[in-house]
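Beneath this line is the structure, given in structure tokens, with notes to follow.
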Amino acid sequence: MDEKIGRRNFLGTLVGWVFGLTVVGWIIPMIAYFFPKSKGEAENVFMDPSGNPIMVSSVLEEGSKTGLAFGDATVVINYKGELRAFSAVCTHLGCIVSWKKDEGIFFCPCHAGKFDTNGNVIAGPPPKPLPQYRVKVAGSKINLSKV
Amino acid sequence: MIVRGSIIIRYLIHFSFSLLLVFIPQVFAQEEESSCISCHREMGGDLAKPIELWHESIHKKNVISCHNCHGGNSKVQDMDAMNPEAGFVGSPKEEDVPKFCGKCHVAVMENYIKSPHWQTKKEKHPVCTTCHTAHHQQRATLELINEKDCSRCHTYERARKIRFVMEETEGSLVQLDERIEKLRGEGFNTQRLGDALFANRNEFHRLTHVLSVDLIIDRTETIRGDIKKVEKSVGSDEATIKRRKIGGAILIAFLFISAFIIHIYRKTLP
Amino acid sequence: MLKKIIDWIDERVQIIEVIENHLTGHMVPANLNLWYSMGSVLLAMLFIQFITGILLLIYYVPDVDKAFESVTYITNEVPFGWLIRRVHAMATNIFIAVLFLHMFSTLFMGSYKKPRELQWMSGSVLFGLGFLAALSGYLLPWSQLSYWATTVATNTVGAVPFIGDELVRGLRGAERVEQATLSRFFALHVIVVPLLFLGLVAAHLFFMRRTGISSPPGTMKEEVEKIPFVPHFALEDLKVIYFFLGILFIFVFFYPKLYFPPDALSPADPFFTPPHIKPEWYFLANYEMLKLIPNKFLGVFIQLAVALFLFFLPLIDVGSERHPLKRPIFLTIAILGVLAFIALTVLGEIL
């Protein structure tokens, strides 16, 4: 008789654990759910692929420079003395656009997409404009931030 | 009785199929057809052939239609659709083909005109359509370089070398492409990875149009570096999937064991 | 401490008495079989849908330009977002499957008969509500699958004579599926349907408590032994619930492609219909029937008639005999009905 009661008590405790674990198992993901990864909106230094900052002077001299910011290809141009920065990733299929100084456009070599100096599409298949970044000159470096 | 039953069933099946034919186009006939297609299909024969070919092409898959290359007014239902003033070009002369395709495939054309294929002094030289066909273009693979096609004009030797130096990089591009597609199937947002891979692939394929083994070897290293980056990202996502499956298996085991524990506990109650 | 709190509450609202009356003191027949736990499984699934639904709502944006993006954000950036979404989508399938089982068992055991007619009727409305919830929720991710499934589904209403076109426009809020449709389906899915669910489930359970649970057919009421609902029968219920949760998570973790096919992974494109658009498995029978019957109106009419017949079944089938083998006519009709449903579903899948 005692053995039976002991068995019942043991199983009862086990069932209690089952319910407890179930509740905890539900609640942990639910709390984590409220804390999405941060989007990394912080400012980002414009640099070359090996991680060295690209100088303001080199952009001004050469008219344009393609480098990295926010972990992706980015292009900064000298537009009538003003620095403008865009994502260099074509919104069509992800090729890297280049700045055509003579025509004043960004040009994608893959399918002939063209963008104007505000990043808007003027020709070709790209569905969306190039995202533009805010430019802040810090000393000789270029700091970019997402708009 | 049985015979009659089977006739009825056969009739029903036949009937349902014919209904299907009536019903489905009604639901799905949302896509608008250009006048190019409707006219040319009616004409039949050689004039209709390009439509069939195009239907199986990568251009169709990417919603590139007749007028995107041939120009003209694809909305007009008469001969004015083929007005040269609206930019209509029917069938370009052979020497104009690179320019014709180069409207969109700019960098490919730039590289191609540097190549012996274009530079050759011979009277007949291969253009885009010689290898890629005129309307049945497929997604480019290494299979385009093969003995049968290349030896239509010259020996395969040099082409074999080009194919050889491309093989490894091309192989990893193809393999990564499949892995990314699998990730997508699992619900991952693969837009960025897919784009990065496409850009690499495109750069690589563009480059090979120069037909220079040295150039390919020279640039392969940079491209492979970029591909490695994509590969790393894909690998970490695949690891995530694996971890989720293990977690899932544990959870499922817990639930079934719990059901069993509750079952035997219930049995001990008076 | 806990006891003190309970005592404090009990002193004021006599909570222990309520518990005794409705849980431990609630006696149910001892010979209830597995089928009697389906209702509890449904309640558990409904609970899961409410919780996961609220969680999804925190990040979801009901805008045609942002809906797909926000869902992608949930499944890729939000911790466990992928899990919550998969559970929400898959639990629908389990819910509907168990709903079928619940209804079939009631049908075959004749449990809908007097005095339980109201339970059956509230249940059959809940049945329809389940489908409405599934249909309205289907559009919200604004994927190719959502868009075209909704386009085809709303189209079928056009078969109603005279006012068909108006009805379609009313459902969509526009000529075609667009922002207006998304907005009204959103309202339907997140507030109207859940509120109706709460009210009807409450009524359904209230009726059950008033009439008592039916004992399986073939046993006399007087000779049946009774057991308390809590803990004895509640444990039986929990066992079955855990079992179905196990099944739910098998699909959640290992077969996501079953409920998220490739078309669910690309954003809606109103100008491109993907090939092979098919409704979910639980709509296949209706879909196939509409295709097989030449006259569209007749198809809709027959479905309406079947639905009404099912709703009024307890008022039509008034005999007091509940054992299925002693009701040959009923059994024949019921089996034929179930077979027809299965056949139509299979046909819908393969054709």
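The values are calculated or read from the model by the stated rules, or taken from the named source; none is laboratory data. Given the structure is predicted, the values throughout are model-derived calculations rather than measurements. We place every Cβ from the backbone using ideal geometry, glycine too, and count neighbours over all the protein chains shown. In case anyone asks, the SASA skips ligands and DNA or RNA and just uses the protein heavy atoms, side chains included. Shrake-Rupley method; radii C 1.70, N 1.55, O 1.52, S 1.80 Å.
For the set A:K65/B:K232; A:K136/B:K114; B:K60/C:K278, the pairs lying more than 30 angstrom apart at their alpha carbons are A:K136/B:K114. Given their separation in residues at 0.36 nm each and the Cα-Cα distance between them, B:C39 and B:C131 gain 30.3 nm when the chain is fully extended. Calculate the length of the line joining the C-alpha centroid of region C:285-310 to that of region C:238-259, in whole Å. The two parts, judged by their Cα centres, are 32 Å apart. Between C:E69 and C:S320, the distance separating the two model label sites (each 7 Å from Cα on the Cα→Cβ line) works out to 6.7 nm. Rounded to the nearest 20 debye, what is the charge dipole size of region A:87-147 about its Cα centre when +1 sits on each Lys and Arg Cβ and -1 on each Asp and Glu Cβ? Value, rounded to 20: 300 debye. Would you work out which of C:L167, C:M45, B:H154 lies farthest towards the positive end of the dipole of the protein assembly as shown? Charges go on Cβ: Lys and Arg +1, Asp and Glu -1. The one lying farthest along the dipole's positive direction is C:M45. For a paramagnetic label modelled on A:K37 (point 7 Å from Cα along Cα→Cβ), amide N atoms under 19 Å away belong, within region C:79-103, to C:79-86. Inter-part distance, region C:89-104 to region C:1-56, computed on C-alpha centroids, equals 22 Å. Around the amide H of A:I122, modelled in the peptide plane, lie the amide H atoms of A:K114, A:F115, A:D116, all under 5 Å away and 5 or more residues distant in sequence or on another chain. Figure note: A:T13, B:T130 ranked by solvent-accessible area, largest first, 1.4 Å probe, ligands and nucleic acids not counted: A:T13, B:T130. The simple spin-label model puts a point 7 Å past each Cα toward its Cβ; for C:V61 and B:F164 those points are separated by 5.4 nm. Taking 7 Å steps out from each Cα toward its Cβ at C:L304 and A:K4 produces label points 6.2 nm apart. Report which residues of region C:227-267 become buried by 50 Å² or more of accessible surface when going from the isolated chain to the complete set of protein chains (1.4 Å probe; DNA, RNA and ligands ignored). So the qualifying set is C:H232, C:L235, C:K239, C:Y242, C:F249, C:F253, C:F254, C:K257, C:L265. The H on the amide N of C:V28, modeled in the peptide plane, is under 5 Å from the matching H of C:I227, C:F229, each at least 5 residues off or on a different chain.
Positive end of the dipole of region A:44-146 (Cβ unit charges, origin at the Cα centre): among A:H111, A:V137, A:V59, the Cα lying farthest that way belongs to A:V137.
Helix B:213-268 axis versus longest C-alpha principal axis of chain B: approximately 10°, rounded to the nearest ten. The angle between the Cα long axis of helix A:2-32 and the longest principal axis of the Cα atoms of chain A comes to about 20 degrees, rounded to the nearest 10. Averaging the Cα positions of each part gives two centres, and for region B:65-108 and region C:130-163 these lie 41 Å apart. A Förster distance of 41 Å, applied to the separation of the beta-carbon atoms of C:L2 and C:L34, puts the FRET efficiency at 0.75.
Taking R0 as 41 Å, what FRET efficiency do you get between C:L195 and C:I163 from their Cβ-Cβ distance, rounded to the nearest 0.05?
For C:L195 and C:I163, the calculated efficiency is 0.90.
Phi-derived couplings, Karplus 6.51 cos²θ - 1.76 cosθ + 1.60 at θ = phi - 60°, listed residue by residue for region B:66-81: 3, 5, 4, 9, 8, x, x, 9, 6, 9, 8, 9, 10, 4, 5, 4 Hz, with x used for Gly and Pro.
Each of C:V78, B:A259, A:F86 was placed along the dipole of the protein assembly as shown (beta-carbon charges, centred on the mean Cα), and the one lying farthest toward the positive end is B:A259. Helices of chain C meeting both criteria, an alpha-carbon length of 18 angstrom or more along the long axis and an average Kyte-Doolittle score not below 1.6, with helices taken as full DSSP H segments, are C:38-59, C:234-254, C:296-311, C:328-350.
Report the charge-dipole magnitude of chain B in Debye, nearest 20, computed about the Cα centre from +1 at each Lys and Arg Cβ and -1 at each Asp and Glu Cβ.
With only Lys, Arg, Asp and Glu charged at Cβ, the dipole is about 1340 debye.
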